[in-house]
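Structure record follows, encoded as structure tokens.
Coordinate-derived values only; no laboratory data. All values derive from a computational prediction rather than experimental measurement. Methodologically, a virtual Cβ is constructed for each residue, glycine included, from the backbone with ideal geometry; neighbour enumeration extends over all protein chains shown.
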Amino acid sequence: MQLFPCPFCGTRDETEFHFLGEADSPRPAGGGTASLAEWTRYLYFQRNLKGRVAEIWSHAPCGETFRMERDNVTHVVYASASLRRESAP
Amino acid sequence: MSKRYSALSLAVEGLRGHTGWAPVWRHPRPQPAYDAVIIGGGGHGLATAYYLAKLHGIRRVAVLEKGWLGSGNTGRNTTVVRSNYFYPESVALYDLALRLYEGLSHDLNYNIMLSQRGIINVAHSDAEMEICARLANAMQINGVDAELFGPEQVRGVAPAMNFDPRSRYPVFGGVWHKRGGTARHDGVAWGYARAADALGVDIIQNCTVEDFLIEGGVCKGVITAAGTIRAERVGLAAASHSATLAAKAGFELPTRIYTLQAMVSEPVKPALDTVVLTLGTGTYVSQSDKGEFVFGGGLDRITSFAQRGNSPVHESVVAGLLDAFPGLGQLKLMRQWAGIVDVVPDSSPLIGPSPVPGLFLNCGWGTGGFKAIPAGGWLLAHLIAKGEHHPISRPFDLDRFARGALIDEAAGSGIAH
């Protein structure tokens, strides 16, 4: 069992977490004016780096969405940080 | 050069104490240039080289494998072959594979131990039976054998299953696919390797591709630990490592890298002569010729390049097996292992030109690459030789994501791939 650090709940079992995607892949700015290539990349493509990566995960029981840095070969977790904003935009 | 295998050659060698067998492929040093280089010495890469040499007359071909032949997913799967898919595009692809498998032992002069023992997808509710009827109808319309079974017919092909109506996943029936079955996974890799080598293909093991040779935006070869190898056409058939190699060539792939586990029990006497998949748990199982129960289930949903798998999925797969076959509860697990699979959002493979001219793709098979080996190799060979798609591979081009023309088999046939 891998243990992942939820920024809100602390260390919990891997079965409670859901992988959402790679970090630093922002939604294309400009909505409908963004190009087909930008939307295709955003929706489907990934870098798929091997080794130390930054990813977006969610913790199902509390709903926290956060950024986690880990190694996808050794499974060492380096950091996790909440993506919550201090106040609603 | 290896000799032709036959009942006579086996008998003669038996009388001679098996002293006359020779290695069945060479261990050449890489040449500085080839007509085509294939990255990945698994089933797909070796099959590609074989069909390039046999069907297209391109014999100056090298297969580069970073480990040993079949050491990736080709040697890690549960050996099931089948073509029970939903969409016409998928059926054309996977049934090509199954038809090639059906003649492969003769074609390669190598026994791949194909056993068309049939596969049953078991349903546990009226709603799942309706999905099964939909799948069986689609398969029949597309020309693939399929039969909708009731519970008594399931009992007929898998009597060791749990038929207690009070069980968590009771047997309501299922889809029977008679031409499905198993094949010897190592044998497929070795058979293709031996046949390709006999046609002049250089199979180079322990040769890691580190980068691509790109000149003027065109792929002109590969850079390996053993030096630069030039080739006008390069095929990429490296499963999950296709994505990491694509990054070196400057493009991304629409894949997610997950771990898929499998395991075997200790060997026992024959008790199951078909392949069983239960839709409720996703566990699938067959019994090998040695008597081991070979089984697996769903993916570890943690993106990973580690080839080992983790305990939560391991436990759920074993629980799924014991729900369907409570009588196996006394067996010991002998081995557990995992492969890393590249899963595409629509659970269909990526076959076609890459964004870099001269570099062609055959990857993204996810959890279902073994059953597709002959078709993947056949189609990539066609692409490399002709420079364009065969009609069967065209729908699986990388351009389907921008076009929105996905082939969503996970939704279509309801099977994890």
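Values for this structure:
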quantity: Exposure proxy order (Cβ contacts within 10 Å, fewest to most) of B:V317, B:V234; calculated: B:V317, B:V234
quantity: Label point 7 Å beyond Cα of A:R47 along Cβ direction - residues of the stretch A:1-29 with amide nitrogen under 19 Å; calculated: A:19-29
quantity: Environment charge at B:L260 (Cβ cut-off 14 Å; Lys +1, Arg +1, Asp -1, Glu -1); calculated: +3
quantity: Kirkwood-based Rg to Rh ratio, the stretch B:3-103, C-alpha trace; calculated: 1.05
quantity: Inter-centroid distance (Cα atoms) of the stretch B:192-206 relative to the stretch B:1-53, Å; calculated: 6 Å
quantity: Packing-based exposure ordering (other Cβ within 10 Å, fewest first) of B:I203, B:I373, B:I38, B:I407; calculated: B:I407, B:I203, B:I373, B:I38
quantity: Selection from B:W337, B:P357, B:H389, by position along the positive dipole direction of the stretch B:328-411 (Cβ); calculated: B:W337
quantity: Lysines whose Cα lies under 17 Å from that of B:K66, excluding same-chain neighbours fewer than 8 positions away; calculated: A:K50, B:K248
quantity: Inter-label distance, nm, simple model (7 Å from Cα along the C-beta direction), B:T228/A:A81; calculated: 4.2 nm
quantity: Positive minus negative residues near B:H241 (Lys, Arg vs Asp, Glu; Cβ under 10 Å); calculated: +1
quantity: More than 23 angstrom apart: percent of Cα pairs within the stretch B:174-259; calculated: 44 percent
quantity: Percent antiparallel among DSSP beta bridges (both partners in chain B, rounded to 5); calculated: 70 percent
quantity: Fluctuation leader among B:L299, B:L93, B:L272 - chain B, Gaussian network, Cα springs under 10 angstrom; calculated: B:L272
quantity: Per-residue Cβ neighbour rank within 10 angstrom, fewest leading, B:R59, B:R308; calculated: B:R308, B:R59
quantity: All Cα pairs of the protein assembly as shown, percent lying beyond 45 Å; calculated: 14 percent
quantity: Rough spin-label spacing in nm, given labels placed 7 Å along Cα→Cβ, for B:A11 and B:N109; calculated: 1.8 nm
quantity: Alpha-carbon radius of gyration plus Dmax, which is the widest Cα pair, for the stretch A:3-82 in Å; calculated: 14.3, 42
quantity: Cα-projected label distance for B:D126 with A:S35, points at 7 Å along beta-carbon direction, nm; calculated: 5.4 nm
quantity: Long-range amide H partners of B:T224 with built H, under 5 Å; calculated: B:E210, B:I229
quantity: Net charge of Cβ neighbours under 10 Å - reference A:H75; Lys, Arg +1; Asp, Glu -1; calculated: 0
quantity: Label point at B:E102 placed 7 Å out along Cα→Cβ; residues across the stretch B:131-166 whose backbone nitrogen lies under 19 Å; calculated: B:136-148
quantity: D (Stokes-Einstein, µm²/s), Kirkwood Cα radius, chain B, 0.890 mPa s at 25 °C; calculated: 112 µm²/s
quantity: Contour minus Cα-Cα distance for B:W21 and B:L333 (0.36 nm per residue); calculated: 108.9 nm
